[in-house]
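Okay, so here's the structure we're looking at.
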Amino acid sequence: MTFFCIGRNYSEHIRELSNPVEEDPVVFLKPAPAMLHDNRPFYYPSFTEEVHHELELIFKFGRKGKSIPEEKAWSFLSQVSVGIDFTARDLQRRCKERSLPWEISKAFDQSAVCGRWIPIESVQRNALQFELYVNNRLVQSGRIEDMLFPVPKVIHYLSQFFLVNKGDILFTGTPAGVGPVHTGDQLRGHLNGECLFEFSIR
Ligand code: MN
């Protein structure tokens, strides 16, 4: 399975990292070993000194597709949750400065936290709101309606380039409030008030 990830999808987050607003969605991938689920701890990697949390709405594909039209995009998704796109911000900065690919800062093992999955039919998909608490303090909150590129547009765009398969996962970008995590931190992610993940940094 593959993770399809969107960057720069919320205007306040674009401002906080001083990035430009893009005309098309920014897409990057993570391979299967990036998966971290079942509330397992995140072990702070030795190659970075600045791991940031990026809380994101995530979706699971329920069937295979290619060049998916926007109006059919929702029917390709089966489940929704919240996740974290862990980012080694120091490495990412170095890659960006040299105009090099980001993979080592974004796609490393256990960098994609996935919360408990919820069937998409059981939520109101245009009224999703989500929060991240670090040590019981609210640090990030977002709403699906604030995305610059809505989910159908993102799926249409990326499926022009990539075949999506059942079980693949879409990370839709982070709202403002990203920041560093530290050993001992406790992270908790909520979707519409329901806790879908809770794990620690070790
Ligand atoms: Mn992200």
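Condition check ((1) within 17 Å of the chain's Cα centre (by Cα); (2) modelled with pLDDT of 95 or more; (3) not aliphatic (A, V, I, L, M)) across all residues:
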| residue | (1), (2), (3) |
| --- | --- |
| 107 | yes, yes, no |
| 111 | yes, yes, yes |
| 125 | yes, no, yes |
| 129 | yes, yes, yes |
| 138 | no, yes, no |
| 144 | yes, yes, no |
| 161 | no, yes, yes |
| 171 | yes, yes, yes |
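What number of residues in segment 45-58 are over 14 Å from residue 174 (Cα atoms) and among the hydrophobic types (A, V, I, L, M, F, W, C)?
Going residue by residue through segment 45-58, those that are over 14 Å from residue 174 (Cα atoms) are 45-51.
If we keep only those that are among the hydrophobic types (A, V, I, L, M, F, W, C) too, we end up with 47, 51.
Summing the residues that are over 14 Å from residue 174 (Cα atoms) and among the hydrophobic types (A, V, I, L, M, F, W, C) in segment 45-58 gives 2.
So that you can scan it fast, the table gives a plain yes or no per residue for (1) within 23 Å of residue 122 (Cβ to Cβ); (2) within 15 Å of the chain's Cα centre (by Cα); (3) of a type in the set (Lys, Arg):
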| site | (1), (2), (3) |
| --- | --- |
| 51 | no, yes, no |
| 57 | yes, yes, no |
| 60 | yes, yes, yes |
| 63 | yes, no, yes |
| 73 | yes, no, no |
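Quick one: which residue in 21, 27 is β-branched (Val, Ile, Thr), part of a loop (DSSP other than H, G, I, E, B), under 19 Å from the mean Cα position of the chain (by Cα) and within 16 Å of the ligand (Cβ to nearest atom)?
Only one candidate qualifies: 21.
Please specify each residue of segment 158-185 satisfying the condition of being touching an Asp or Glu at 6+ places or on another chain (Cβ under 7 Å) and more than 22 Å from residue 143 (Cβ to Cβ).
180 - this is the single residue of segment 158-185 that is touching an Asp or Glu at 6+ places or on another chain (Cβ under 7 Å) and more than 22 Å from residue 143 (Cβ to Cβ).
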Completion exercise
Counting only residues in segment 86-142 that are surrounded by 13 or more Cβ atoms within 10 Å (Cβ to Cβ) and acidic (Asp, Glu), the one farthest from residue 184 (Cα to Cα) is identified as 103
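What residue, among those in segment 47-85 that are away from the ligand (no atom under 16 Å from the Cβ) and of a type in the set (Gly, Ala, Ser), is surrounded by the fewest Cβ atoms within 10 Å (Cβ to Cβ)? Even if it seems obvious, please write down each step before you answer.
Residues of segment 47-85 away from the ligand (no atom under 16 Å from the Cβ): 47, 49, 60-80.
Keeping just the survivors that are of a type in the set (Gly, Ala, Ser) gives 62, 65, 67, 73, 75, 78.
Numbers: 62: 16, 65: 20, 67: 9, 73: 20, 75: 12, 78: 16.
Ranking the candidates gives 67 first.
The values are calculated or read from the model by the stated rules, or taken from the named source; none is laboratory data. As the structure is a computational prediction, the values presented were derived from the model and not from experiment. Cβ atoms come from the backbone with ideal geometry, glycine included; neighbour counts cover every protein chain shown.
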